[in-house]
Amino acid sequence: MWNRTEFSVPIDESIILYRHPILYGAAIYALLLIIIGTIGNVLTIVVLLRPNLQRYTTMRYLIAVAVADLCSLYSWNLNLFYKHLINHYQNDLEDGSMIACRIVSFIAFVSLQLSSWYLTLVSVDRCLNIYFLLWHRQIGRTSYSIYIIFSVTTAIIFLNLHLLFLNGYQQSNCIPFEKRTCFICYARLEDRFYIFPKWEKIHLVVYNFIPFTIMFISTCFIIRRSASSANAQRRLTIDMRKDSLQCSSRRRKQRQLTRILLSVTFLFVFLTTPIMIYNVFFRNRLRNRKPLKYIVQALLLCTQYTSHAIHYSSSYSRDFIVKYIDMETHGHSEWKYIDRREIGITCVAFSGGQPRPGVDLGPEFVLKAGLIGQLNAMDFKTILTDGKEIHDYKEFFPASDEPIGIIKRPRAVGIVSKHLTDQVYQHSKAGRMALQIGGDHSMGLGTVSGIARATKERFGQDIKVIWVDAHADINTPETTETGNLHGMPLSFLIGLVKENIEGLDWVVPCLKPENIVYIGLRDVDKAEKQILKQYNIKAFSMHEIDRYGIGAVMNMTIEYLSKGDTAQSPIHLSFDIDALDPTVAASTGTPVRGGLTFREGHYICEALHETGRLVGIDIVELNPTIGHSNEDTITIGCSLIRAALGESLL
């Protein structure tokens, strides 16, 4: 039989205790904490469940924090509010029965400890991501965060499981003027049946001391890395106005991040430590001074639960989340839209968008040059579309593909682009980097369409495109002089083509003119110039590159694509090898003198990688049958891909 000891409280002392104005105020404050904490934490969960945030392990941990905070808020605050403002000084919710006592106590201890440990996981995960690249690539990924959360949750539940079976409490006529019996849920130190009579001390260590220590150490390491990165960036910054502004902005964000990290850590310990110290060292000393004991305990618990009501339910939390996401790891930008280090590769052996044969051999030569091995050496997992190295789509070509007006091979181009749209969509939808190797630039119609669709579905955002090319590729069927579709993909993508062209009637405009930036233009048709002006499309010709330098041009490009509500939208890079000067890359079908240098082309790719916003890459118009330096052109194509994926000079 369970051992219960009766005790009594003098009626006058009970009345004084329960009617004390401080307890009234504490009960009202508890209700406010429930309201504020519920709204804040629920909204936090809703926001963090957005697809564009689910790619971050940090967001998974913060969702867990919000859920634990919700449970902890109701475990005590509802009890206090019910007792003093609803039930009018009678028993607590937990005092009605043994089951209620044990369940409420179990939920309270578990939710409090889980909240502090989930919060600790945020700091630990970010610290490990920064200092250990292997963790970032293999374990510090969203797929593993679920297992980590499950493991921590299981450990905390088992640690507190005794509360469901052995929590001790006393029986009493606790409300004498009601003349009835209730239970007082209390872990009695003298109870010989209770296996953890010192549980408050264990709870202090598990809930407060260990998490605080780990958070503090992790935060210090994060701050150290942040400071060293800022110093390195300061030393490397060239004396250009825009670069200086960018570096200054970066240092300012890092200082803000430092303050936020310190604030989170010390706010947690400041609000939660007092009640822990009271429970361990002072509660039993005040057992004979019940009014003072309950008043002090109520005030300290209000302070403790304030921490769980405000963790991530304000603009403060939004800054915390944004600054965390912006952290760079190991000198490399963290992918903002790629869930894993996987690359979906589609090799498009197609030359029907232009007249010269050989460009369909480009993908084969790139693979023979060892691209897949190079990417594997960078710790990427490469996934070939449909398990095939080369896609020529010939089995889908019509028996006859007569010109429609001046437009040449519209059905073949349409079939290839439609299949390519679906293939690229599957890779991008799965959270992979989508890499397409061409093939002529008419394939841009399919690559941009596929990535735009996946981006809209995953993140609810429009894709932005950087088109690196000697040509604008924005002629319409009415303005084209050659009828070659490799010079028209952008006119279809932004909706300039109003008529239905057989084979291309499936195309749905998916790109806004203001979301395009050209780099490297130097051979633009007269009609194309009019289109660029009419639609105010941003374009940096070789004139601007010569005038400002590629560094400033890339700063202006990224700044232009970072305006408004879509400041951090995903970016697709479509790189035509003829953007490079023929002395650098001669093996291409439409070379134009005066192009980008080797380093300028690579800097474009490096700068885009640093944004962390890249979701897709096209490398097109490599024609190994042209020129005497085809191996050099193929090698450069491979190195451009590696640069866009994070390969650096140091």
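The values are calculated or read from the model by the stated rules, or taken from the named source; none is laboratory data. What you are looking at is a predicted structure, and each value in this text was computed from that prediction instead of being measured. Using ideal geometry, Cβ is built from the backbone for each residue, glycine included, and neighbour counts are taken over all protein chains shown.
Restrict the check to segment 99-106 and report whether at least one residue is closer than 21 Å to A30 by Cβ, in the same structural domain as Q297 (by TED's automatic domain parsing) and modelled with pLDDT under 80. Looking for residues that are closer than 21 Å to A30 by Cβ, in the same structural domain as Q297 (by TED's automatic domain parsing) and modelled with pLDDT under 80, one finds at least one in segment 99-106, hence yes. If we scan segment 492-499, do we find a residue that is out of contact with any Phe, Trp or Tyr (no Cβ under 8 Å at 6 or more places or on another chain), assigned by TED's automatic domain parsing to the domain that holds I466 and either closer than 19 Å to D618 by Cβ or buried (at least 22 other Cβ atoms within 10 Å of the Cβ) (or both)? Checked segment 492-499: at least one residue is out of contact with any Phe, Trp or Tyr (no Cβ under 8 Å at 6 or more places or on another chain), assigned by TED's automatic domain parsing to the domain that holds I466 and either closer than 19 Å to D618 by Cβ or buried (at least 22 other Cβ atoms within 10 Å of the Cβ) (or both).
Out of N500, N555, N536, which single residue is more than 17 Å from F598 (Cα to Cα), among the polar types (S, T, N, Q) and part of a helix (DSSP H, G or I)?
Among N500, N555, N536, only N555 is more than 17 Å from F598 (Cα to Cα), among the polar types (S, T, N, Q) and part of a helix (DSSP H, G or I).
Would you mind telling me which numbered condition in (1) in a loop (DSSP other than H, G, I, E, B); (2) aliphatic (A, V, I, L, M); (3) at pLDDT below 95 V592 fails? With (1) in a loop (DSSP other than H, G, I, E, B); (2) aliphatic (A, V, I, L, M); (3) at pLDDT below 95 applied to V592, the lone miss is (3). Residues of segment 416-439 that are touching a Ser or Thr at 6+ places or on another chain (Cβ under 9 Å), of a type outside the set (A, V, I, L, M, F, W, C) and under 15 Å from L504 (Cβ atoms): S417, K418, T421.
Sub-8 Å Cβ pairs linking a first residue in segment 534-562 that is in contact (Cβ under 8 Å) with a residue 12 or more places away in the chain to a second residue that is hydroxyl-bearing (S, T, Y) and in a helix (DSSP H, G or I), at least 6 apart or interchain, are K538/T557; K538/Y560; F540/T557; I550/Y603; G551/Y603; M554/Y603; M556/Y548; I558/T611, ordered by first then second residue. Suppose the filter is part of a helix (DSSP H, G or I) and under 25 Å from G431 (Cα atoms); does E606 pass it? When the stated conditions are applied, E606 passes them. One residue stands out in segment 481-491 among those that are more than 18 Å from D505 (Cβ to Cβ) and of a type in the set (S, T, N, Q): the one that is surrounded by the fewest Cβ atoms within 10 Å (Cβ to Cβ), namely T482. Among (1) out of contact with any Gly (no Cβ under 6 Å at 6 or more places or on another chain); (2) within 26 Å of V424 (Cα to Cα), where does A552 come up short? If we test A552 against (1) out of contact with any Gly (no Cβ under 6 Å at 6 or more places or on another chain); (2) within 26 Å of V424 (Cα to Cα), just (2) comes out false. Scanning segment 332-358 for residues that are touching a Phe, Trp or Tyr at 6+ places or on another chain (Cβ under 6 Å) and modelled with pLDDT under 95 yields a total of 1.
Does T625 fit the bill of being touching a helix residue (DSSP H, G or I) at 6+ places or on another chain (Cβ under 9 Å) and surrounded by fewer than 16 Cβ atoms within 10 Å (Cβ to Cβ)?
On the way: touching a helix residue (DSSP H, G or I) at 6+ places or on another chain (Cβ under 9 Å): yes; surrounded by fewer than 16 Cβ atoms within 10 Å (Cβ to Cβ): yes.
Against the criterion (touching a helix residue (DSSP H, G or I) at 6+ places or on another chain (Cβ under 9 Å) and surrounded by fewer than 16 Cβ atoms within 10 Å (Cβ to Cβ)), T625 qualifies.
Just one residue in the set I519, I474 is part of a loop (DSSP other than H, G, I, E, B) and crowded, with 24+ Cβ neighbours inside 10 Å; that residue is I474. Among the residues of segment 33-52, none qualifies, meaning not one is over 30 Å from K456 (Cβ atoms), at pLDDT 85 or above and either touching a helix residue (DSSP H, G or I) at 6+ places or on another chain (Cβ under 7 Å) or not in a helix (DSSP H, G or I) (or both).
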